[in-house]
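**Q** Structure provided below as structure tokens; questions to follow.
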Amino acid sequence: MGSRKKAKPSRSRKKAKPSPDQAVALDYVRAWAHPAASAPPPEPSAADAAGDDFLPHQAARMASGGGGSVLFELHSHSNHSDGFLSPSELVERAHRNGVKVLALTDHDTMAGIPEAVSAAHRFGMRIIPGVEISALYSPKEIAGTGEHVHILAYYGMCGPSRFDDLERMLSNIRDGRYLRARNMLAKLDRLKVPIKWEHVTKIAGEGVAPGRLHIARAMVEMGHIENIRQAFNKYIGDDGPAYATGSEPFAETVVQLINRTGGISALAHPWALKNPDAVIRALKGAGLNALEVYRSDGKVDGFSELAEKYDLLKIGGSDFHGRGGKDESDIGTVKLAITTLCSFLKMARPIWCSAMKDILLKFAEEPSTTNLGKMVMFGELINFNGFSSTGSGMDIVNLCLSSWLSNNGMEEVELEEVRLKLAHCVGKR
């Protein structure tokens, strides 16, 4: 298990006509992916134009959203975790490569989502608010033992329904990253590979919890190793002599929290696991929805069968970080079948709509500026200066509803029910 199936060279021939199922799926996906309001795309930035050193070279240009496809990118990182590009630069690059829907899935933080949403609006793109959560799979749930896994969470445009619960977990993981990084530097020092803490935090950036990639970059800059891959293989990989653990929660707990907060959960890069079958079986029991099967170099042998075995949706993404070089594929190079995207949305949209209802009704119970800020955190930014919780609460809610309705397709009957409840609750104040 784990060998790669590379695509055979394509021969020039006429494109096959889409089947009726594909045509229906394409209509469904396009109807959701096309924003209600879009602006003409601006010229590419200088940083975007210069970033052409990825492999395969501009491979995603072919999927510009025309013809019979809509390009989704479901796994990407910005400089809010261990990526090299800002959320705005990431969105620009994705747009250039033909991506229509981008999931920003930074490690253990959703801090980059608002900037990504704002940038995406300029290009007529959709952002799926996401996060890649660090976790620990331990059959006996013994802290410090087991296998480290990463779980992707995908949310609707209004974000998690219980953001405080999710952020509490993410904050604890980020705090653990600082201790973990210091422990790794101490181990590297004992191995005669000295790295200064200030060097690592400068690379990570202000307010960003340092990760292994930041340490690897410092090692390269100090001349201790030649490249990032060597840093992982020789020192800081999972079995490396300088590896250290953080404060990751148990994987089943993470999946259950994603479910409770209105998200779709997927196990990331399962080919990196030592015992993937056991991990997938346990997480399926906790409510896992999907499994990464596809990546930029093709489908990984054996994991499609595991997804079928445990009735998990097969997805994939580039896991783009923006570091460049021949060992990283560009953003948007995993082109998922239109029927897969349709299945993803049909699974996700009812869950996202339910999260939307929860957020709105919680606001109705306590209409405050603080709760309003949480409500619009991941959606289009709206100016609510001078907001009065008792006077204009329903105006704000109606504005959110009209925006969210056009993008999430809540049934009119359901929408009216929410409006009535909100009007009753806010009107009593």
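The values are calculated or read from the model by the stated rules, or taken from the named source; none is laboratory data. This one's a predicted model, so the numbers in the text were calculated from it and none came from an experiment. As a convention, Cβ positions derive from the backbone with ideal geometry for all residues, glycine included, and neighbour counts pool all protein chains shown. Just the protein is used for accessible areas: all its heavy atoms, side chains included, with ligands, DNA and RNA removed. Shrake-Rupley method; radii C 1.70, N 1.55, O 1.52, S 1.80 Å.
**Q** Within segment 249-296, how many residues are in contact (Cβ under 8 Å) with a residue 40 or more places away in the chain, open to solvent by 20 Å² or more (accessible area, probe 1.4 Å) and closer than 12 Å to A153 by Cβ?
**A** Qualifying residue count for the region: 2.
**Q** State which residue is most open to solvent (accessible area, probe 1.4 Å) when the search covers only segment 68-85 and only residues that are assigned to a loop (DSSP other than H, G, I, E, B) and among the polar types (S, T, N, Q).
**A** We begin by selecting, within segment 68-85, every residue assigned to a loop (DSSP other than H, G, I, E, B); these are 68-71, 74-75, 77-85.
Next cut, among the polar types (S, T, N, Q) only: 69, 78-79, 81.
On the way: S69: 17, S78: 0, N79: 62, S81: 8 Å².
Across segment 68-85, the extreme among qualifying residues is N79.
**Q** Sticking with this structure for a sec: Within the group A111, A135, which residue is small (G, A, S), surrounded by fewer than 20 Cβ atoms within 10 Å (Cβ to Cβ), closer than 26 Å to P270 by Cα and out of contact with any Ser or Thr (no Cβ under 7 Å at 6 or more places or on another chain)?
**A** It is A111.
**Q** Just to be sure I understand, how many residues within segment 327-356 are surrounded by 20 or more Cβ atoms within 10 Å (Cβ to Cβ) and under 18 Å from D164 (Cα atoms)?
**A** Of the residues in that region, 3 qualify.
Here is a yes/no grid of residues against (1) modelled with pLDDT under 95; (2) outside the structural domain of L136 (by the TED database); (3) of a type in the set (G, A, S):
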site: E226; (1), (2), (3): yes, yes, no
site: P270; (1), (2), (3): no, no, no
site: N275; (1), (2), (3): yes, no, no
site: K299; (1), (2), (3): yes, no, no
site: L313; (1), (2), (3): no, no, no
